[in-house]
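Peer 1: One structure is given below, represented as structure tokens, and several questions about it will come after.
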Amino acid sequence: MEAAGIRRLCGRLKRTRRKVRIGLPKLIMRILVSRAAARRKPAIFFFLAMATLATGCSKEQAAPPPRPPIPAVVGKVGQKTVPVELNAVGNVEPYATVAIKAQVPGEILDVYFKEGDFVSKGQVLLKIDPRPYEAALAQAQAALARDKVLAQNNRIQAKRYASLLAEGVVAAQQVESLTSAADSSDAIVRADEAAIKTTELNLEYCTIRSPIDGRTGTLMLKPGNLVKVADVPIVVINQVNPIFVNFGVPQQFWPDLTKFTAERSLHVKAMVPKDSGPAEEGTVTFLDNAVDTTTGMIHLRATFNNAHNRLWPGLFVNILLTLSQQGGATVVPEQAIVDGEQGKFVYVVNSENRVQPRPVSTSRTVDGQAVIDKGLRPGEMIVTDGQARLSPNARIEPQSSLGDADPPSVAGSRSTSSDKP
């Protein structure tokens with residue numbers, strides 16, 4: 001009965017929410033003493049019940065300790081000029097490609113390069129057996145010498161009979177016949193001279209030279225093989241300095257392309273995947289005259305010097321096309337933006353080092369900086385790292401980096417804009 005009475009008393013005290021610290025134990029003692037004396041209960045039960053009740057009430061009235069500030073990296077919203085860029089995937093194409101084929105039939109005698117070598121324009125690559133063409137040249141020269149002698153004799157005969165015709169000694173028909181024979185001999189001489197030039201040209205074709213500066217590929221025919229005229233390529237040479245990169249951009253950027261290409265050459269960067277080196281830089285040199293109806297893309301071609309041979313024919317690269325420069329753009333570190341259920345937001349820090357989420361709109365990222373279209377103003381202080389532990393109105397300990405012992409000063413260094421999300 002006494003325990004039930006004590007529970008009812010504690011219930012009444014909780015419902016009335018009385019803040020009793022000193023008077024409560026005295027009151028309980030008086031009640032318990034009176035009830036214990038009336039029913040003659042042991043004194044030890046009285047003191048145990050009083051101690052238990054006093055301890056329970058004091059625990060319920062203790063206030064929780066304040067939550068310590070959460071360390072977080074902060075920074076100011078910046079403003080600077082950023083490029084307006086387009087991203088695309090490009091394919092590298094050689095500046096020029098030449099398939100080396102034989103222009104005369106014959107046997108390959110020698111090869112003067114190794115597969116994959118860089119060759120210069122005019123460098124000797126292969127040699128075809130020249131002996132048949134040397135013999136043909138000698139034969140053509142001999143025929144020319146013979147026909148020259150005959151032509152000279154026929155011309156002398158024609159002149160002699162022409163003088164006799166003037167004296168009335170010979171018939172005119174005979175003179176005409178000799179004159180025709182002399183003219184025919186002269187034509188034969190000219191044909192022999194042309195045959196010599198053809199033979200000399202064929203002999204020159206026996207030595208195959210590189211028509212461009214470039215890199216050789218696989219040698220298709222080895223020495224000792226017979227080649228035919230315009231048969232399979234013996235080797236393919238690609239010119240890689242300079243080099244082309246083909247890529248496409250969506251058709252909605254056509255007005256910007258026409259506008260900026262008319263003003264200047266568009267700057268292009270090519271990044272090789274998994275290459276830690278700097279990007280290759282070039283310019284747009286070709287803009288196609290039609291949109292691809294199957295893909296809705298506009299074909300562009302950029303030219304790169306490729307001095308270090310980092311771009312290779314057939315390679316796929318990431319293209320960054322710079323259209324223009326946007327001045328006074330609002331930028332924040334990319335990691336400051338958090339993806340939430342309602343969209344993207346950042347934590348804005350007020351003068352009391354408390355944070356509030358604020359929705360933002362961003363269209364692109366340039367060199368690790370997100371360009372903010374709406375939601376922030378330059379100079380405002382935001383959280384750039386450590387957002388995972390934060391909640392609305394949480395108090396933070398501003399730091400320049402997580403684990404920094406000397407936090408930067410935040411109060412008084414921000415805009416007076418509203419902190420409401």
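The values are calculated or read from the model by the stated rules, or taken from the named source; none is laboratory data. Note that the structure is a prediction, hence the values are computed from the model and not measured. All Cβ positions, even for glycine, are placed from backbone atoms using ideal geometry, and neighbour counts span all protein chains on display.
Peer 1: Taking segment 107-133, which residues are assigned to a helix (DSSP H, G or I) and surrounded by 14 or more Cβ atoms within 10 Å (Cβ to Cβ)? Full working, then the answer.
Peer 2: Keep residues of segment 107-133 that are assigned to a helix (DSSP H, G or I), which gives 131-133.
If the condition is that a residue be assigned to a helix (DSSP H, G or I) and surrounded by 14 or more Cβ atoms within 10 Å (Cβ to Cβ), then P132, Y133 are the ones that fit.
Peer 1: With respect to L165, determine if the residue is at pLDDT 95 or above and over 30 Å from H299 (Cα atoms).
Peer 2: Spelling it out, it is not the case that L165 is at pLDDT 95 or above and over 30 Å from H299 (Cα atoms).
Peer 1: Let me ask something else. Can you pull out every residue in segment 313-334 that is within 19 Å of D385 (Cα to Cα) and exposed (fewer than 13 other Cβ atoms within 10 Å of the Cβ)?
Peer 2: Those that are within 19 Å of D385 (Cα to Cα) and exposed (fewer than 13 other Cβ atoms within 10 Å of the Cβ): none in segment 313-334.
Peer 1: Determine which member of the set L201, L178, L165 is closer than 30 Å to Q239 by Cα and in a helix (DSSP H, G or I).
Peer 2: Details: L178 fails: closer than 30 Å to Q239 by Cα; L165 fails: closer than 30 Å to Q239 by Cα.
Sole residue among the options that is closer than 30 Å to Q239 by Cα and in a helix (DSSP H, G or I): L201.
Peer 1: Just to be sure, is K59 part of a helix (DSSP H, G or I) and at pLDDT below 75?
Peer 2: yes
Peer 1: Another question, then. Just give me the residues in segment 198-218 being touching a Phe, Trp or Tyr at 6+ places or on another chain (Cβ under 8 Å) and closer than 29 Å to P242 by Cβ, in sequence order.
Peer 2: Those that are touching a Phe, Trp or Tyr at 6+ places or on another chain (Cβ under 8 Å) and closer than 29 Å to P242 by Cβ: D213, G214, R215, T216.
Peer 1: Select the strands (runs of 3 or more DSSP E) contained entirely in segment 344-419, then report the ones holding at least 2 residues which are in contact with a Phe, Trp or Tyr (Cβ under 7 Å, 6 or more places away or on another chain) and at pLDDT 85 or above. Even if it seems obvious, please write down each step before you answer.
Peer 2: Values: elements: 355-359, 361-366, 369-374, 381-385, 396-399.
Correct list: 355-359, 381-385.
Peer 1: Looking for something in a helix (DSSP H, G or I), exposed (fewer than 15 other Cβ atoms within 10 Å of the Cβ), of a type outside the set (V, I, T) and assigned by TED's automatic domain parsing to the domain that holds Y133 - is there at least one such residue anywhere in segment 205-215?
Peer 2: No, every residue in segment 205-215 fails to be in a helix (DSSP H, G or I), exposed (fewer than 15 other Cβ atoms within 10 Å of the Cβ), of a type outside the set (V, I, T) and assigned by TED's automatic domain parsing to the domain that holds Y133.
Peer 1: For segment 66-87, what are the residues that are among the charged types (D, E, K, R) and surrounded by 15 or more Cβ atoms within 10 Å (Cβ to Cβ)?
Peer 2: K76, E85
Peer 1: Okay, next question. Out of S265, S276, report the one residue that is exposed (fewer than 13 other Cβ atoms within 10 Å of the Cβ) and either touching a strand residue (DSSP E or B) at 6+ places or on another chain (Cβ under 9 Å) or closer than 30 Å to I298 by Cα (or both).
Peer 2: That would be S276, the only listed residue that is exposed (fewer than 13 other Cβ atoms within 10 Å of the Cβ) and either touching a strand residue (DSSP E or B) at 6+ places or on another chain (Cβ under 9 Å) or closer than 30 Å to I298 by Cα (or both).
Peer 1: Sticking with this structure for a sec: Considering segment 88-106 alone, what residues qualify as being closer than 30 Å to G328 by Cα and crowded, with 16+ Cβ neighbours inside 10 Å?
Peer 2: Residue satisfying the conditions is A88 alone.
Peer 1: Pick out the one residue from G282, G248 that is surrounded by 13 or more Cβ atoms within 10 Å (Cβ to Cβ), free of Cβ contacts under 8 Å to residues at least 60 places away in the same chain, outside the structural domain of V104 (by TED's automatic domain parsing) and touching a strand residue (DSSP E or B) at 6+ places or on another chain (Cβ under 9 Å).
Peer 2: Going through G282, G248 in turn, the sole match is G282.
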